[in-house]
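What follows is a single structure, written as C-alpha cells, with notes after it.
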Amino acid sequence: MPFVLNLADVSDSDLPLVGGKAGKLGEVVRQGLPVPPGIVITTETYQAFVNATVLRVEIPNALSTLDLERPESVDAVARRIRTAFEATEFPPEIRTVLEEAIEQYQREHDVRFSAVRSSATAEDLEGASFAGLQETYLNVRGIDPILAAIRRCWGSLFTARVLVYRARMGFDHIEVRLAVLIQKMVDSVVSGILFTRDPNTGENHMIIEAGWGLGEAIVGGEVTPDHYVVDGATQRIVHKQISEQSMRLVRVEEGGNRKDTVPLADQNRQKLPDEKILKLASLARVIESHYRRPMDVEWCADAKSLYIVQARPVTTIPAPGAPNTPSPGAPAPAPTPATARSETAEVPILRGMGASPGVVGGKTRLLLNAAEMTKLKTGEILVTTMTTPDMVPAMAQAAGIITDEGGMTCHAAIVSRELGVPCIVGTRGATKTIHEGDTITMDGKTGMVFAGLGHLERTKADAPPAVAGGSPNADGHHGAPVTATKIYVNVGVPEKAAEYARLPVQGVGLLRIEFIFTAHVREHPMALIKQGKGAELVQRLADGVGKVCQAFYPRPVIIRTSDFKTNEYRGMPGGQEFEPSEENPMIGWRGCSRYISPMYKPAFLCELEAIQRVRTEQGLKNAMVMLPFVRNTWELEQITEMMREKGLRRTRDFQLYLMAEVPSTVLLAREFSKLCDGFSIGSNDLTQLVLGADRDSETLGRMGYFDERDPAVQRAIELLLEGAHAEGRTVGICGQGPSVYPEFAEFLVRHGIDSISLNADTVLTTMRSIASVEQRLKLDEVRHRRSAG
C-alpha cells in the first residue's frame, strides 16, 4: 500500500487509507471546486511507523492502564503516548519516502507554507464528528517542521479529549488509525464555516459564519464571527448579524501564527460581501448535492478567491419529534451584552446565541481553563469564556454550557450538539454576569438565561403532552381551544412531519414540493431527466411526500406543486442549461405556466407521478394537490387533463386546490371554482400584484407599501370569498399574517374564511386568538338579535 497519495487522486472509497477528512476533500476536488492542492500521508505510513518503533508496545501498554472514570488516569495515559510519538524518530526508509514526496509537492505547487492536518479513519463519519479533537498545524514552513508536525498529528489520536470522546462514540482505540493531509496554505483574509442545513433544527437554511484571518480563531471560540443565514429554497440572504472583531490570527513569515489587531475601520465591518456569501452558498450546494445529505463546510478566502478546506456530514440534525427542538426557520436572536441582573425569572438576565437546544436548570460552575475542569460536578451548568478541546470530559458531565465568545460553529457549539448538551454561545458577558453557585435556567433554543428555576418549571408546564401511543391525534393537546375555522399547519421539510403531526391541527395546509426538491433531490429536475434519472426523481419525491402523508394520515396533506422562479432554479446544480434569465422572475415563467411548457412539462409529470405513487403504492389517500400561480382557466384545463392522464381525477377522495395569488383568479373566482375544489390565499403574491409593490423591495417595505391589511387587498379577499362560497368552494389562507396581525385574523374570520394554515410555532397561540375572535363574534350576534327583538 502507498505511503503518500496526491489529494486529487483520493475519494471516500479510500477512507481506510486516507481518513475521513482527506477522502471527503478529494471528492470535493473531483467536483471541480476550488481546493488548495496537497498530498496525503496514508494510514499505511502511520501503521508502518508504529510497527517499526517502540510505539508498537508502548501504545497498548499505556491503554491497558486507562480508567475513563478517573480524569487523572486519562491525562496520564494521553501524556505518555503523545510524548512517545514526539520523541520517536522516523525510520530511515520511511523518512526518505516522505521527504521526496514533500519536496515534489512543494516544487510542483510553489509552496512556501503548509497546513498539516489530521485525517482519522473514524473522523467526519455519518455518526460522529471529531471537530477540533485532533490536531492541525497551520503555516508550517520547511521539511523538518512538517515531519515533526506529522508525528504530533499522529500523537493527537491519543489526547485525553479524544480518548473520552472515542470511547463515548464506541470506537476502538487500537483500530483507529490516522492519515495526515498536507496542503498549500491559503493566506486567509477571511475564513469560516458553513452548514448547508441549520444544525439545530434541520430546516432548509444555510448558516455561514465568517471572521477576519485564520479560521482557528472561530473554531476555538476566540472571536465571535459574523452570522449569515441563506434561505435554502430561494438562495436569498435572509439574516445578517455583524459582530465586532478586534483580534485575528495571521501568518508569521518564519512559520506559525500570531495574534494581530484588526484595523479599526474593519472591526465592525461585514466580513464577507453579499456576492461572496451567495457564491459560497452556491459552492456548498454542489457539495450537498453530491453527498445528498446536510454538510458542514470549512472555507477560507484570500484577496482574490474562495477555497473549500473541509467538508463533513452534519451529525447533529435533531430527530423528528425531538424535545426542545427550536422553532423552524427562526434565526437565533442577536447576542447582546449582559447588563443588570434581575431576579424576575420572566426577564432574561443574559442573552446569547442558541447553539444546542434544550432547557435545563441548576447550579453554575465557572471554569477559566481546562486545568479547573475537575471542579465541575455532574449536573452543574458550565460557564466559561470559551471551551477548548481539553474540556470535553467536563462538557460531557455538564447539564448545560454557556460561553462568552463563539458562534454556531465554534468548538463549544459543535461538541455540545454532538453530546446532546444544551449550549448558549456568544453572550459576551456570562463570566461577569453569572456568579459561581448561582441557580439559573438556560434555554439552548432561544439563547436566553433566566435567574432561578421558574422558567424551567413554566417550560415543563407549557410543554404539550405526548400523544398516547405516539400516533397522530388532533385531540392530543389538552387545553387547545376548539375553533369553527379549521386550523392546518405548514410543513417545510419531511423530517419535521412526525413532530408537527402531534399538533392539534386538521392536517397540512401547505407542503411545498420545492422544499422536497431542495432537501431530497438537490438537482434541477430536467437535468436529472436528461441523465436518464427520471425514475429516481419520482422515487425521491414520493419518499419525501410519503413521509409527510404517513405522519398525518388520515388527515389531509395539501401538496403545492413546484413554484420555483427562474432565478431560483438556475442556482440548482444543472439549472443553468434549462433556465432563462428574466428581468422580473416574480411575474415570469413560474407556477402553472411551467407545467404546460414543453421545456418543463416532463418534470411536472414526474411530480404528478410521485403523488399518484404515494396514493396508490403507499395507500396514502390523504395526499391532495394544490396548483400555484394560476393565471387563466385555459391553462388550468390543460393541467387537469395532464393530471387525469396520471390517474389524478377529482373525486370525493381526491381534491384539487388553487393558490389565489393572481388578481385574475379573484376576479373570475366563480369561473375557476368550476375547475377546482377550493382556494388558498397566497397573501404575499396577492398583495404584491394588487398593490403593484415588489415584495422584495426593501424600500417599499420600509415605506409601508407592502401590507396585506391594505383595504385593496382585503377587498380582493372579500371578492374571492364571495365568489368561491357562491359556488360551494372553500377558501383558506396559508401564511403568517393571521398570527402576526390579530386584526387581520379577525377580518378573515368575520368574512367567513374556512381554514388557516400556520407555521408550527404559531399554531397554539393563533388558535387561542381565533377562538377568542369567534367567541366575540357570537356574542355580537346574540346582542344584535336581542336589540332587534
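The values are calculated or read from the model by the stated rules, or taken from the named source; none is laboratory data. All of these numbers come straight from a predicted model, not from anything done at the bench. Here the Cβ is made from the backbone with ideal geometry for all residues, glycine too, and neighbour counts use every protein chain on show. Surface areas here come from the heavy atoms of the whole protein model, side chains and all, with no ligands, DNA or RNA. Shrake-Rupley method; radii C 1.70, N 1.55, O 1.52, S 1.80 Å.
Structure data summary
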{"item": "Failed condition for LYS240, given (1) more than 14 Å from LYS276 (Cβ to Cβ); (2) surrounded by fewer than 23 Cβ atoms within 10 Å (Cβ to Cβ); (3) within 21 Å of the chain's Cα centre (by Cα)", "result": "(1)"}
{"item": "Members of the stretch 293-304 found to be more than 14 Å from the chain's Cα centre (by Cα) and outside any strand (DSSP E or B), listed by number", "result": "ASP302, ALA303, LYS304"}
{"item": "Residue match in the stretch 32-52 (condition: more than 23 Å from VAL297 (Cβ to Cβ), open to solvent by 40 Å² or more (accessible area, probe 1.4 Å), in a loop (DSSP other than H, G, I, E, B) and free of Cβ contacts under 8 Å to residues at least 60 places away in the same chain)", "result": "yes"}
{"item": "Of all residues in the stretch 645-663 being outside any loop (DSSP other than H, G, I, E, B) and under 14 Å from ALA724 (Cβ atoms), the one that is most open to solvent (accessible area, probe 1.4 Å)", "result": "TYR657"}
{"item": "Residue in the stretch 657-673 that is out of contact with any strand residue (DSSP E or B) (no Cβ under 6 Å at 6 or more places or on another chain), within 24 Å of ALA551 (Cα to Cα) and in contact (Cβ under 8 Å) with a residue 12 or more places away in the chain present", "result": "no"}
{"item": "Subset of the stretch 244-274 that is without any contact (Cβ under 8 Å) to a residue 24 or more places away in the chain and closer than 16 Å to LEU214 by Cα - its residue that is least open to solvent (accessible area, probe 1.4 Å)", "result": "GLN267"}
{"item": "Residue among ILE681, ILE733 that alone is under 23 Å from SER593 (Cβ atoms), in contact with a helix residue (DSSP H, G or I) (Cβ under 7 Å, 6 or more places away or on another chain) and not basic (Lys, Arg)", "result": "ILE681"}
{"item": "Residues located in the stretch 753-782, provided they are closer than 25 Å to VAL557 by Cβ and open to solvent by less than 30 Å² (accessible area, probe 1.4 Å)", "result": "ILE753, SER755, ILE756, SER757, LEU758, ALA760, THR762, VAL763, THR766, MET767, ILE770, ALA771"}
{"item": "Long-range neighbours under 9 Å by Cβ, at least six apart or interchain, first residue over 14 Å from ILE349 (Cα atoms) and open to solvent by less than 70 Å² (accessible area, probe 1.4 Å) within the stretch 451-464, second of a type in the set (S, T, N, Q) and at pLDDT 65 or above", "result": "LEU456/THR441; THR459/THR441"}
{"item": "Members of the stretch 91-115 found to be within 22 Å of VAL54 (Cβ to Cβ) and free of Cβ contacts under 8 Å to residues at least 12 places away in the same chain, listed by number", "result": "PRO92, GLU93, THR96"}
{"item": "Where GLU637 falls short, out of the listed (1) buried (at least 16 other Cβ atoms within 10 Å of the Cβ); (2) modelled with pLDDT of 95 or more", "result": "(1)"}
{"item": "Scope the stretch 664-674; condition open to solvent by 40 Å² or more (accessible area, probe 1.4 Å) and either in a loop (DSSP other than H, G, I, E, B) or not basic (Lys, Arg) (or both); matching residues", "result": "LEU667, LEU668, GLU671, LYS674"}
{"item": "Residue within the stretch 678-695 that is in a strand (DSSP E or B), within 28 Å of PRO742 (Cα to Cα) and within 31 Å of the chain's Cα centre (by Cα) present", "result": "yes"}
{"item": "So GLU72, is it open to solvent by 50 Å² or more (accessible area, probe 1.4 Å) and at pLDDT 90 or above", "result": "no"}
{"item": "Residue ID - nearest to VAL545 (Cα to Cα), chosen from residues in the stretch 578-608 that are open to solvent by 20 Å² or more (accessible area, probe 1.4 Å) and of a type in the set (A, V, I, L, M, F, W, C)", "result": "LEU605"}
{"item": "Odd one out for VAL116 among (1) touching an Asp or Glu at 6+ places or on another chain (Cβ under 9 Å); (2) part of a loop (DSSP other than H, G, I, E, B); (3) of a type outside the set (Gly, Ala, Ser)", "result": "(2)"}
{"item": "Residue match in the stretch 686-702 (condition: of a type outside the set (Gly, Ala, Ser) and under 25 Å from MET767 (Cα atoms))", "result": "yes"}
{"item": "Which listed residue is under 31 Å from the mean Cα position of the chain (by Cα), of a type in the set (A, V, I, L, M) and on the phi < 0 side of the Ramachandran plot, from VAL740, VAL749, VAL731", "result": "VAL740"}
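Residue by residue, here is whether (1) buried (at least 22 other Cβ atoms within 10 Å of the Cβ); (2) within 25 Å of TRP212 (Cα to Cα) holds:
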{"position": "THR378", "(1), (2)": "no, no"}
{"position": "ILE381", "(1), (2)": "yes, no"}
{"position": "ALA396", "(1), (2)": "no, no"}
{"position": "THR403", "(1), (2)": "yes, yes"}
{"position": "MET408", "(1), (2)": "yes, yes"}
